[in-house]
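Asks: For reference, the structure I am asking about is given below.
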Amino acid sequence: MWLDEITLKDFRCFHGEHTIEFSMDPDENVTLIHAENGVGKTTLLNAMLWCFYGTTTAKFERKQDLVNHDAKAAGRDSCYVEVLFEHNDKRYRARRFHGNGTMGGREFSIMRIDDGHSVSIDNPDSFINTVIPKTMAGHFLFDGEHAEVFLGEENRRGIRKAVQDILGCNLIETAIEDLEETAAYYRRQMPKAKATDQIEVLSNEIDRLTEQLKSGREALDGLKGQAEQKQQQIADIEAKLRNSAAARELQASRDRANNSLKRAITRAASAQDELLKWLGDNGRFLVSSRITEKTFDHLEAQDVKGRIPSPYNEEFVQDILEMEECICGTELKKGSTEYEKVRSLLQKAANKTLRSRLSSVRSTLKELKREREKAPGRLDAANKRLAEARQEISAIEAELGEISDKLSGIDFDEIAERERRRNELRSELDGINRQIGALENNLRSSEASKANKERELNKLLENDEDARIFVRRHELCERLKERLEAELVEEEEDARKILRSQISKVLQATTRKSFKLRLTDEYAVALVNEEGTQLPKSSGENQLLGLAFTAALVEYARLRQNAKDHRLLRGTVAPLVLDSPFGQLDDSYRETTGEHVPRMASQVVLMVSGSQANKAVIDVLRARVGKEYVLVRTNRASGEGKKGETRQFNGKDYAVALFDQEADGTRIEEIVR
């Protein structure tokens, strides 16, 4: 797919009709759009997503408030976005309409353009999903301000979903769900000829647990989605706080403190685990302390007195009885009084087994004593590490509290409100995380209970001839489901290998440090040094890693465009839209990243503000830029007494803020090359 042009009519901040033509030149594949914050970069990015799918990104506020306010005041109550694009050497025009009025009775339409004639596509929603599947589309839109939270430690679920989206797992996941329902159906059909009441009770209980697990997992997904949304909102607020001169240093201090807090919490958890392990390994030594000493002393005392293991050996007494003569010379005839007296000694005599056991007891007691003497030192060391970590956590939390108080106390209403909202969101996030933990525990308990009930049911049906056919069908569904789940795991592993390789290539081309990527099977993303030690990531490195991850997803989608596997959706080739990709990068990273951006996709739409795109960045991009635009802020208010805002592009001055205009909004102006 190649973007040709986009037209916006009264859509959000774009008053009136505005058009951008995208560069389709393979050698000059970048369309560069300059825009300051709040002028319309995010709106432009969302306009493409909305036109194709009727959806927007999570941070797009007031999702239903789409018609430009001044257009409404002028009596216009509708808006639309139209995208002209090419796909498989054919041209199409997609248009989505919102508001009152008519558009052939359809909100969304796609027309194929053949030799100047337009032919309507019957099912536009299905068609656009064959061009770029909806599940993949969002990953071709990079939000630089969101990259930091996206690759955060808490967002493994989001990272995995991104990989699954590009893999096109929908078909396999649907098949797994269908097999689960079919297996449940066959289980319910199992005859009840034997142990009828018990089978029915078990079957009903399994159904109840199945529904409970299903609703629980749905609730868990919902909670995790809410958590991710809260994390993104917090990250957005923190990004804005960083950009505030008054709060920048305080926010930087908080970032450093948060990183230190994470490390301290990890150390505390490690020390706590060590204490639990110590209790498991050494508890028996301590518990047995008193009884060990008394037993050992008793054995030693009796040994000195010759009472342990016994004053007589069983083998010695048996030999005397067999010889029928005592060591004193007395004859010992069977049945005689003397014989019976000697034979009675066998009751107190120690045999070989007893002596061996006593030897083992002594050895065990000595081992317990030795380990008990070592245990206090190990405990002290673990307690010391735990105490130090907890002390550090308390100090950092106090520091974070002071920073929060200072930010809240700054005499700028907007900053103070942002800080208040951040703390409110943090509190809400903590509550959601507690719900997630409780729900996960309940799900584990329900899964174990269901497995036990299924084992009981299968045992009851083992000898039921009538039930066997349903049992076999049920087992077949379960085996097929397990096979598909295993295949999905294999596909994800292959995807991770390719992504690791692609991300590493981007990092090698753009970073100054010698570090490697670690992408675990659980989708934790980290940077490590040559020794494998995890390194803390700065905000800039997090953004760079997010950009590399996006580039890897785009490349993986391209590699899979001709995939033959019928179980997974094919990949696709699509434009990459980058919003503020340089925001957190320093000048050196911006330059190397800017040099790499044109290689990330066949067609790139790059949106940057003046503070992000310095001269060095523009210089490395210049040879690859085919089209260039600036978004201009228009204001109805008078410009009297206000200093005009201009920027220079290609040696020409362009006003980026205009006053005394017809409407408040955004105008698109092409930069002459």
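The values are calculated or read from the model by the stated rules, or taken from the named source; none is laboratory data. Bear in mind the structure is a predicted one, so any value in this text is a computation, not a measurement. Backbone-built Cβ (ideal geometry, glycine too); neighbour counts: all protein chains shown.
Asks: Given the residues Glu447, Glu454, Glu492, which is the only one that is among the acidic types (Asp, Glu), surrounded by 12 or more Cβ atoms within 10 Å (Cβ to Cβ) and over 25 Å from the mean Cα position of the chain (by Cα)?
Replies: Result of the check over Glu447, Glu454, Glu492: Glu454.
Asks: Out of Val471, Val506, I need the residue that is over 30 Å from Ile234 (Cβ atoms) and β-branched (Val, Ile, Thr). Which one?
Replies: Matching residue, one of Val471, Val506: Val471.
Asks: I'd like to know if the range 610-618 contains one or more residues that are in a strand (DSSP E or B) and assigned by TED's automatic domain parsing to the domain that holds Ile33.
Replies: no
Asks: Is it the case that Tyr629 is in a strand (DSSP E or B), among the hydroxyl-bearing types (Ser, Thr, Tyr) and buried (at least 17 other Cβ atoms within 10 Å of the Cβ)?
Replies: yes
Asks: Kindly check whether there is at least one residue in the range 59-67 that is in a loop (DSSP other than H, G, I, E, B), in contact with a Cys (Cβ under 9 Å, 6 or more places away or on another chain), at pLDDT below 90 and over 20 Å from Ser120 (Cα atoms).
Replies: no
Asks: On to the next question. Hey, any hits in the range 29-50 for a residue that's in a loop (DSSP other than H, G, I, E, B), modelled with pLDDT of 90 or more and not hydrophobic (A, V, I, L, M, F, W, C)?
Replies: yes
Asks: So, one more: Given Lys459, Lys481, Lys450, Lys505, which one is part of a helix (DSSP H, G or I), closer than 30 Å to Ser588 by Cβ and out of contact with any Gly (no Cβ under 8 Å at 6 or more places or on another chain)?
Replies: Exactly one residue qualifies, and that residue is Lys505.
Asks: Hey, does the range 509-517 have a residue that's over 23 Å from the mean Cα position of the chain (by Cα), β-branched (Val, Ile, Thr), outside any strand (DSSP E or B) and at pLDDT below 80?
Replies: Looking for residues that are over 23 Å from the mean Cα position of the chain (by Cα), β-branched (Val, Ile, Thr), outside any strand (DSSP E or B) and at pLDDT below 80, one finds at least one in the range 509-517, hence yes.
Asks: Of the conditions (1) at pLDDT 90 or above; (2) buried (at least 21 other Cβ atoms within 10 Å of the Cβ), Phe97 fails just one. Which one is it?
Replies: The number of the failed condition is (2).
Yes/no matrix, rows are residues, columns are (1) modelled with pLDDT under 65; (2) buried (at least 17 other Cβ atoms within 10 Å of the Cβ); (3) of a type in the set (Ser, Thr, Tyr); (4) not in a loop (DSSP other than H, G, I, E, B):
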site	(1), (2), (3), (4)
Lys230	no, yes, no, yes
Leu241	no, yes, no, yes
Ser260	no, yes, yes, yes
Ala269	no, no, no, yes
Leu276	no, no, no, yes
Leu286	yes, no, no, yes
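Asks: Additional query: Have a look at Ala552, Ala574 and point out the one that is modelled with pLDDT of 80 or more, assigned to a loop (DSSP other than H, G, I, E, B) and either under 26 Å from Gln164 (Cβ atoms) or in the same structural domain as Ala613 (by TED's automatic domain parsing) (or both).
Replies: After ruling out the rest, the residue left standing is Ala574.
Asks: In addition: Can you tell me which residue in the range 474-489 is farthest from Met600 (Cα to Cα), limited to those that are surrounded by 15 or more Cβ atoms within 10 Å (Cβ to Cβ) and of a type in the set (A, V, I, L, M)?
Replies: Leu480
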